[in-house]
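Before any comments, here is the structure.
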Amino acid sequence: MTSSPPTIGVGMIGHAFMGAAHSQAWRSAPHFFDLPLVPRMTAIAGRNRAGVDAAAQRLGWESAETDWHALIDRPDIGLIDICTPGDTHAQIALAALRAGKHVLCEKPLANSVAEAEEMAAAAQEAARSGVVAMVGFTYRRVPAIQLARTLVADGRLGTVRHVRAQYLQDWLSDPESPWTWRMDRDRAGSGALGDIGAHIVDLTQFILGRELTQVTGRLATFVDRRPLPDGGTGEVTVDDTAAFLGEFEDGVLGVYEATRYALGRKNAIRVEINGSRGSLAFDFEDMNVLHFHDGDEAAETAGFRRIVVTEPVHAYVGNWWPAGHGLGYEHGFTHQVVDLLRAIAGGAPAIPDFTAGLQVQRVLAAVERSEQTRGWESVAGPGS
Ligand code: SOE
């Protein structure tokens, strides 16, 4: 007789875009993956009673709380999933870790290096008792990105020289687009830099298996005030766009761009890497594909090959559809909770952990410092 795996109660805080994406992941993971630990969607928290009750029903949660502290206090919850704006990440994560709960925290980890340092230290302390903390850099879990990392690790690109990365969205192109919390530095920490620039910093470091050491960049805000629902306007206190250069520990050069003003580009995450033996290129708008140029091939027939990353041999794919049917945006979130549950059960490392989240935070802070100094800033330099 086989016994069923143990369960873990999940408590999720926040129920907007990210809350819906995470809920989809918690719902689907046990149906598609063999898990050593099965999630129960125990409770969701949100500030407004009617709103959180409706979200619980719509997204599939068993109960709803209006105070996140209640989730941490509940003995039937072992894992806290933080899907709130950045200004609340540190307080929730610290309280959860100190209560011995596992944590999944949306990116960027925090709104400042100081907060991220405290979170990483708390996570390291909690890890001694087997508590796991992970930061939600979801795009790592796209199968084509996993293949890119494998190709680099296997030496198929030879000596890597260039990284080109862009995260392009266009939802602020219209100056009349409404003001939201994402335009408020106190709540969001930064603008395009932290919201989407953080993803390409993490992705490129993940694919290359090495870290940025220094950066220099420019930030710009094109529209200073945006309409509020009451007819007034709200001040934009974050960057609309970030452009920066980065150098990796072994001299690899990176060129980065993150913007919400690339009219026509909805969620274009583009990464291109050139090495001495090969190159690869990825665009999230065609997320099931990785382009690979193998420089060892005869010049006569060499060229970028379009690899459709939908074979059962590709990371995560075998748990989904037959070859060629493809995955979407939401699957990365499912893969994230699968990896998290396996880490909690002890079978896999919890990556990216809060220390990795802190390192990305340091890169963001260094870009912001360089905007002030107009020079190169060390990632290891003073936080902000
Ligand atoms: C908004 O720009 C946003 O939702 C980001 O916050 C997410 O991290 C990204 O995946 C999609 O765009």
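Worth pointing out:
- Ellipsoid fit via the Cα gyration tensor, segment 134-181: semi-axes of 34, 15, 8 Å, each the root of five times an eigenvalue, largest first.
- Of the three principal axes defined by the Cα atoms of segment 252-384, the extents in descending order read 50, 49, 33 Å.
- Summed residue charge, Cβ within 10 Å of Ala43's Cβ, Lys/Arg positive, Asp/Glu negative: -1
- For the pair segment 115-165 / segment 1-51, the C-alpha centres are spaced 23 Å from each other.
- Other-chain or far-sequence residues with amide H under 5 Å of Glu65's (modelled H): Ile44, Ala45, Gly46
- For segment 41-58, the Karplus equation 6.51 cos²θ - 1.76 cosθ + 1.60, evaluated at θ = phi - 60°, returns couplings of 7, 6, 7, 10, 10, x, 6, 9, 4, 5, x, 6, 5, 5, 5, 4, 5, 5 Hz by residue, with Gly and Pro reported as x.
- Helical runs assigned H by DSSP (4 residues or longer) give the chain a calculated mean residue ellipticity at 222 nm of -9500 deg cm²/dmol, each run adding -39500 (n - 2.57) before division by the residue total.
- Long-range HN-HN contacts of Val238 with modeled amide H, under 5 Å: Arg185
- Percent antiparallel among DSSP beta bridges (both partners in the chain, rounded to 5): 60
- What the Cα convex hull of the chain gives, in volume per residue, is 154 Å³.
- Summarising the amide proton neighbourhood of Asp81: residues at separation of 5 or more, or on other chains, whose placed amide H is nearer than 5 Å comprise Gly11, Met12, Ile13, Leu104.
- Ordering of 246-252, 89-95, 332-338, 372-378 by burial proxy (mean other Cβ atoms within 10 Å per residue, highest first): 332-338, 89-95, 246-252, 372-378
- Note on segment 210-260: Kirkwood hydrodynamic radius from all Cα pairs is 13.0 Å, rounded to one decimal.
- Phi angles across segment 217-222 convert, under the Karplus curve 6.51 cos²θ - 1.76 cosθ + 1.60 with θ = phi - 60°, into 3J(HN,Hα) values of x, 10, 10, 9, 10, 8 Hz, Gly and Pro given as x.
- For segment 47-176, the mean projected area of the C-alpha convex hull, equal to one quarter of the hull surface, is 12.5 nm².
- For Ala262, the shell of other residues with beta-carbons less than 12 Å away shows a net charge of 0, using +1 for Lys and Arg and -1 for Asp and Glu.
- Cα-based Rg / Dmax (Å) for segment 247-295: 13.0, 36
- Solvent-free Debye scattering, log10 I(q)/I(0), computed from the Cα coordinates of segment 182-314 at q = 0.13, 0.22 Å⁻¹: -0.70, -1.35
Only the coordinates and a few stated rules stand behind these numbers; no lab work does. Note that the structure is a prediction, hence the values are computed from the model and not measured. So basically every Cβ, Gly included, is an ideal-geometry build from the backbone, and we count neighbours across all protein chains shown.
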